[in-house]
1. How many residues are within 16 Å of the ligand (Cβ to nearest atom) and touching a Lys or Arg at 6+ places or on another chain (Cβ under 9 Å) if we restrict to the stretch 209-222?
2. Looking at the structure I just gave you, is CYS206 within 13 Å of the chain's Cα centre (by Cα) and within 8 Å of the ligand (Cβ to nearest atom)?
3. Being among the β-branched types (Val, Ile, Thr) and surrounded by 18 or more Cβ atoms within 10 Å (Cβ to Cβ), is that true of even one residue in the stretch 171-180?
4. Within the stretch 69-85, identify whether any single residue is more than 12 Å from the chain's Cα centre (by Cα), surrounded by fewer than 12 Cβ atoms within 10 Å (Cβ to Cβ) and over 27 Å from THR183 (Cβ atoms), and answer yes or no.
5. Need a quick list: strands (runs of 3 or more DSSP E) entirely within the stretch 106-222 having at least 2 residues that are without any contact (Cβ under 8 Å) to a residue 40 or more places away in the chain.
6. Looking at this structure, is VAL201 over 22 Å from GLY26 (Cβ atoms) and within 16 Å of the ligand (Cβ to nearest atom)?
7. For the stretch 96-121, which positions are at pLDDT 95 or above and surrounded by fewer than 18 Cβ atoms within 10 Å (Cβ to Cβ)?
8. Would you point out which residue out of LYS128, LYS155 is under 14 Å from LEU182 (Cα atoms), over 18 Å from the mean Cα position of the chain (by Cα) and not hydrophobic (A, V, I, L, M, F, W, C)?
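The values are calculated or read from the model by the stated rules, or taken from the named source; none is laboratory data. This one's a predicted model, so the numbers in the text were calculated from it and none came from an experiment. Cβ placement follows ideal geometry from the backbone for every residue including glycine, while neighbour counts extend to all protein chains displayed.
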Amino acid sequence: MVTITISGVDKSGALARITTFFVRKGYPLKGSQVMQSASGAKLMKFSLDITQLDKAKLAAEIKDLSPDFSVVSVEGAQSGAPSIKEIAAKFPDIAPLVQAYGESFGTETRDRELIEAGKKIGAFQYEKDWSFGSPLKMPTALRRTLVPALEAFDKVEATDTEVTLPESPFCKTGKIACCEFLTGFMQGFLDAGPLTQNTRVQKTGCKAKGDSRCTYKFSYEL
Ligand SMILES: [Zn+2]
């Protein structure tokens, strides 16, 4: 949990404006509190359910919202997102690291960055654990290599063209959804296989978007 204290919030409507800003930017806002500083000025504290925060960026965004607003302090933020190498080293217990990695990006770039990180780690896992023996084609490759690789994360349900993770550790409610990491992971994994390179992976369902589970679809030609 990160707590941000903002000053210059005396005008009416400040709370609503800042709250709207957090929600619109995709920050998981857990609570807010109005208080007074020692000198009697009004302050607002906002709690966000994240572990990473780009303080400079947030301070600039808050200033853009109104020149009166000013970020006084940010408490509880860890410094520095994990690197892709650090994430790969922790496989398969990487969900908290992927979460921290995802949180270090803004909403505009987060999904793209998660896909790219997933691709690298998926390709790495394929090379490391699944590239032995003769290369497989889809859908055999999906059943014999990709699904077992994904089962290291959590329970997986699969058909020849679809994979579902009913309780994806990358898509916890109330947190920023990082399940595009898995889109990248599967894509990178399949791209690394000589006979599965023409397969496209797409996320078609997501708990964070109101679906009952996170689902990924595979398109390929036999
Ligand atoms: Zn999801």
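1. 5
2. yes
3. yes
4. yes
5. Qualifying strands (runs of 3 or more DSSP E): 200-205.
6. The answer is yes for VAL201.
7. The answer is ARG112, GLU116, LYS120.
8. Selected residue: LYS155, the only one of LYS128, LYS155 that is under 14 Å from LEU182 (Cα atoms), over 18 Å from the mean Cα position of the chain (by Cα) and not hydrophobic (A, V, I, L, M, F, W, C).
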